1. Here are some residues: 26, 109, 8. Which one is open to solvent by 60 Å² or more (accessible area, probe 1.4 Å), more than 60 Å from the chain's Cα centre (by Cα) and at pLDDT 75 or above?
2. Across region 87-101, what is the number of residues that are open to solvent by 70 Å² or more (accessible area, probe 1.4 Å) and in contact with a helix residue (DSSP H, G or I) (Cβ under 9 Å, 6 or more places away or on another chain)?
3. How many residues does region 157-187 contain that are exposed (fewer than 10 other Cβ atoms within 10 Å of the Cβ) and either in contact with a helix residue (DSSP H, G or I) (Cβ under 6 Å, 6 or more places away or on another chain) or at positive phi (or both)?
4. Just checking, how many residues over region 301-329 are part of a strand (DSSP E or B) and buried (at least 17 other Cβ atoms within 10 Å of the Cβ)?
5. For residues that are over 30 Å from residue 209 (Cα atoms) and within 23 Å of the chain's Cα centre (by Cα), tally how many sit in region 142-171.
6. Hey, can you tell me all the residues within region 277-335 that are among the polar types (S, T, N, Q) and under 17 Å from residue 246 (Cβ atoms)?
7. When both residues are 6+ apart or on different chains and their Cβ atoms are under 7 Å apart, which pairs have a first residue that lies in region 76-91 and is closer than 20 Å to residue 133 by Cβ, and a second that is assigned to a helix (DSSP H, G or I) and not aromatic (Phe, Trp, Tyr)?
8. Out of curiosity, is residue 127 in a helix (DSSP H, G or I) and farther than 30 Å from residue 153 by Cβ?
Amino acid sequence: MYCQKCGEELQEGWKVCPVCGNKIEEGMDTPKPDNDEKQSKPDNPKGKKKSIILAAAIVLIVAIAGIGVTVIYPQVQEYQQDKKNQAEADKVIDAISSLADSEITVASEEDLNKVKTKYDALTDEQKKLVSNYRELEKAYADLKVKKDEQAAQVVIDAIEKIDANKLTDTDTSIQAMKEQFEALTDEQKGLVTNSSKLDEYAGIVQKKKEEKEAEKKAAEEAAAEAARQEAEKQAAIDNAYNSVVDKKFHKVDSQLSVEFTSTGDFVAIGYYGSAPLTNKYCTYSFSAEYALHKDVMQYLVSCNIDGIEYYFRYFTNGKISLEGDGEFSGWYELI
């Protein structure tokens, strides 16, 4: 049953339409009016008000939802990200703080590198949250100092082990040590407190080299001089020998004649020391001695005849002279 005035559906027993207030007659069964008829009826103010309120509520809900999506949700996400960033940064902060519990040594490098690896793995935003990063930088600075000290100490100890009294001209350890020193950084070089000894030791080695070179040069010069003198001596002997070999000479103011054979025999022809006159066979050899003669150092030749030394001279005209205490001393002319 429907209200004849507004078309509202009515329940059994209703006396008045709750919408428009129209009185309902008993026993009246009013069919639902068609759409055209319902549309032609006057507007229902209460129904319209309900619709407006409902629409406003829907709009409000949509607006609130929009605010949640566009404003609140991003803020929640940002908060969660900030919390995550801080958590990751805190791990590195704790790792850096743990370094303060022990002294920084050369052996600390591995631990520092582990912490640095963790820091490098952070995002840029997370790195900004590591509040004690300067402590890590300081730890690396302390590590560098320790490594510099260690490198310098190695060179210091090596220099101290050098015994200057045992250095020789062939020593290579000083040069190797200088190269090791030059390989250090400027900071490390400044820590080598005994570096001046390197120049001192290098000077000792250089001096010994120069002395050795001087000795070698002197020896070479001496050897060359000895060879020259020997050659000069041999030339003097050869000249004397060549002037008499296979030649016969007559002794001035004597009937004696002599011959120097190529076989090394000295033959006294018509020897007058025996009767009857006969030849006397002797051996001869020449030698020379470096001596001063007429203000000039030169080789003076001697001729040894049967063990007696005669000072020997020869001249371009063929004359020779044997001067000594033996029986053959005298002047001889070429026959």
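1. That would be 8, the only listed residue that is open to solvent by 60 Å² or more (accessible area, probe 1.4 Å), more than 60 Å from the chain's Cα centre (by Cα) and at pLDDT 75 or above.
2. Selection size over region 87-101: 2.
3. Result for region 157-187: 0.
4. 10
5. Here the count works out to 9.
6. Initially, region 277-335 is screened for residues among the polar types (S, T, N, Q), giving 278-279, 283, 285, 287, 298, 302, 304, 316-317, 321, 329.
Passing the criteria: 279, 283, 285.
7. 85/125; 85/126; 88/126; 89/126; 91/118
8. Details: in a helix (DSSP H, G or I): yes; farther than 30 Å from residue 153 by Cβ: yes.
Yes; evaluated as a whole, the condition is true for this residue.
The values are calculated or read from the model by the stated rules, or taken from the named source; none is laboratory data. Predicted model only: the values in this text are computed from it and were never measured. We place every Cβ from the backbone using ideal geometry, glycine too, and count neighbours over all the protein chains shown. In case anyone asks, the SASA skips ligands and DNA or RNA and just uses the protein heavy atoms, side chains included. Shrake-Rupley method; radii C 1.70, N 1.55, O 1.52, S 1.80 Å.
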